[in-house]
Structures are given as structure tokens and as C-alpha cells.
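Report on one structure; see the data block that follows.
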Amino acid sequence: MWLLPQAFVVGGKLKLCIRQVMPTPAVSLKFHKFRRRFGIAAPRVVIRSHVSWQWYLLPGSLLVLLLLAGGWLLMQRNEAGAVGKELQELRLLVQAQQSELDSLRSTAETRHNAVSIERATQRQLLSRIKELELENGALKEDMRLFERLIPVVGEEAVVRVENFRVTQDEGGRYRYRLLVAFQPSRQKPQFVGRLQLAVGYLLNGVEHQLLVPEKPEAIQEYQLAVKHFLRREGGFELPPGARLVAVEARVLQGATLMSKRLAQL
């Protein structure tokens, strides 16, 4: 039921009265919808100003960079802590092993008797004797070499190959070492030539020969300029499955063979 105000004129005066009116269902439904939209129960409306997405890009990028930097610092801190912990554990392990080693050394020293000491002394003496024999042989060889290198007055200039040795490396690689000795004269105070290796090998039962250097552009590396003596080292490689037979070192001056020597394999 609605209360509607009405005005009347009575005796020249305006009077106001309220009349009760029964609303119809359609009017009542419209009224309720009106109150829900504009009354206390109406939904809230938020008015916001429109901001372009470019204005959010810079703060968002800075926030992402700060998060990444924080994560990286945290990872570095954790990694540094783990490394420090591992280092401390390794130090403790080394100290424990050092203590154990000292203890074992002390025990071993106390358990040594006269027999073991005598046997150890004998082994050391035998080892020293072998070393001295090898040194003596090397000194004799060097002495013979330098005796041959002593220039003789009045003789012509002579070039020789001495101490030519070839050793095998891994696979089909070989290394060589030699000494080129030159006895100068007044007319020839220096020898200029080149070195060449003639390598003989067997492959599948067939004998082959390899000349080192193989390529013409590598000849420059084998040039020789000797006043008294010159040491040369190098290497060469054989095909897979080949067996080395002999290696000959040649000293050439132009196309003339001046000296040659077979290697000690």
C-alpha cells in the first residue's frame, strides 16, 4: 500500500491530505527495480581513469629485474655457503688423513728391524750401482762424440750426423733426435744445407719408403745452418698398421748428399 499526498482548496485555503492507494503488481515490480538500481541496495560503480599499457611497462620491467637480481644474489649466497662448507669438510678430511699418515709412519718406523734395514740398504746400493753404470756409459759416449767433434788443423770442412735416435709415441707417431756436427775450415766457416729422413716401413707385407718432409712447403723447416753443431728434433707418422723397419738421416747441400746415418731404433 502506498501513501500519496493530495491537495484540496477549502474556503480559500489549501489543505493537504494523504490518501492510501493500493499499487498494482506491475507498478510494484517497476518500483522495486527502480529502488534496486538507484537505492541503497544499488550495485557500486567505480569510475577509473584509463591509463595506457606503456605506463605499466617500465615499472613492471624494473620489478622483474629486481626479482631476478634478488634471486641471483640468493643463489650466489647459497652457492658460496655450499662451497665454504665443502672446503671446510675437505680441510677436516685432509687433517684426519695427515694424522693417520703420521701415525702409520711412526708405527712403520718403530717396527723396522735390522734385517729389513739391511735389505733396504742392499736394494738402494744395487739401484745406485745401476745408475752409476748408466751414467758412466753415457759419459763415455759423450766423450767419444766430442773427441770426434774436435777440429783437426789442415783438414777440409766435414759435416756428420751423430746420436741419431728414433722413439715411438702413441699410435703411428714417431719422434727423432739427432746432432749435426760440422768441422769448419777457413774457406767454409759455416755449413748451410737441409735435413731429410728416409723412412722404410712394411705395410701388408710390402716394403715402402717415406721421405720426410713430404710436402715442398715444409722444406723450410728442415733447413740447416751449422757453425759447429746443431741439435734437431721432430716427428713423423706412419699409416695405420705399418711397421717401422729403418730410418736414415741425410744431410744434403743442394742435391749433393753430404752425410747420412741410420737411426738406433
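The values are calculated or read from the model by the stated rules, or taken from the named source; none is laboratory data. What you see is a predicted model; the values in this text were computed from it and never measured. Note: ideal-geometry Cβ built from the backbone for every residue, glycine included; neighbour counts use all protein chains shown.
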Problem - Flag if Lys215 is at pLDDT below 90 and either among the hydroxyl-bearing types (Ser, Thr, Tyr) or surrounded by 12 or more Cβ atoms within 10 Å (Cβ to Cβ) (or both) - result: no
Handout entry: Enumeration of residues in segment 171-209 that are over 18 Å from Val251 (Cβ atoms), surrounded by 15 or more Cβ atoms within 10 Å (Cβ to Cβ) and either of a type in the set (Asp, Glu) or at pLDDT below 90 (or both)
Key = Gly172
Practice task
For segment 238-258, name all the residues that are within 11 Å of Arg194 (Cα to Cα) and either touching a Leu at 6+ places or on another chain (Cβ under 6 Å) or crowded, with 16+ Cβ neighbours inside 10 Å (or both).
Solution key: Ala249, Arg250, Val251, Leu252, Met258
Completion exercise
Of the residues in segment 155-207 that are part of a strand (DSSP E or B) and basic (Lys, Arg), the one that is farthest from the chain's Cα centre (by Cα) is Arg160
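Okay, residues lined up against (1) out of contact with any helix residue (DSSP H, G or I) (no Cβ under 9 Å at 6 or more places or on another chain); (2) within 20 Å of Met258 (Cα to Cα):
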| site | (1), (2) |
| --- | --- |
| Asp169 | yes, no |
| Ala181 | no, yes |
| Ser185 | yes, yes |
| Gly193 | yes, yes |
| Gln196 | no, yes |
| Gly205 | yes, no |
| Gln209 | yes, no |
| Pro216 | yes, no |
| Gln220 | yes, yes |
Handout entry: Complete set of residues in segment 235-261 that are within 17 Å of Val159 (Cβ to Cβ) and in a strand (DSSP E or B)
Key = Glu248, Ala249, Arg250, Val251, Leu252, Gln253, Thr256, Leu257, Met258, Ser259, Lys260, Arg261
